[in-house]
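Novice: One structure follows; several queries about it will come next.
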Ligand code: CMP
């Protein structure tokens, strides 16, 4: 059954380019409510743990280095059909393939520096939200 929450990160490229405001505006205007939000930075170890599901991929080392290279914004978002609707809002992983008007089309530089993360399933949305936020912060 679809839940009404997803998890996102605004990645180091977008934070470094001062795109936080623009991205949050698009998220709000698309009808998502921000449940929890945190400005923080991942250590290499934490980034490795967060992306452990990709540990066998050739780009894993690059991904971990990149995601620990600067500050990020982590957030839990709420909306009906949140996971699928948020993936539509952010567009394809590779920004050259992302549709016009999507967050990655507007703000992303490359497949690694692709501005935002969005959970790919309800199960992962819950796991990823729990990674960053305590039970008290997920009210
Ligand atoms: P995201 O969906 O947030 O989570 C996995 C990330 O791995 C993905 O975004 C991309 O940023 C990154 N990624 C996927 N494919 C590649 C690739 N071929 N090279 C580098 N990074 C990649």
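Values quoted throughout were computed directly from the atomic coordinates according to the rules given, and no laboratory measurement underlies them. Everything quoted here is computed from the prediction, not taken from an experiment. We place every Cβ from the backbone using ideal geometry, glycine too, and count neighbours over all the protein chains shown.
Novice: For the stretch 76-116, what is the relative contact order in percent, using Cα pairs closer than 8 Å and at least 6 residues apart in sequence?
Specialist: After rounding, I find 29 percent.
Novice: How would you rank 8-15, 86-93, highest first, on the average number of other Cβ atoms within 10 Å across their residues?
Specialist: Descending packing order for the listed peptides: 8-15, 86-93.
Novice: Any idea how far the Cα center of the stretch 123-139 sits from the one of the stretch 64-78, in Å?
Specialist: 14
Novice: Send over the Kirkwood Rh of the chain, from the inverse of the averaged 1/r over different Cα pairs, rounded to one decimal Å.
Specialist: Evaluated over the chain, this radius sits at 14.9 Å.
Novice: So what is the diffusion coefficient of the stretch 81-128 in µm² per second by Stokes-Einstein at 20 °C and 1.002 mPa s, using a Kirkwood Rh over Cα pairs?
Specialist: Result for D is 199 µm²/s.
Novice: Also, I was wondering about something else. Before anything else, pin down the relative contact order of the chain: Cα pairs under 8 Å, at least 6 apart, normalised by residue count, whole percent.
Specialist: Answer for the chain is 39 percent.
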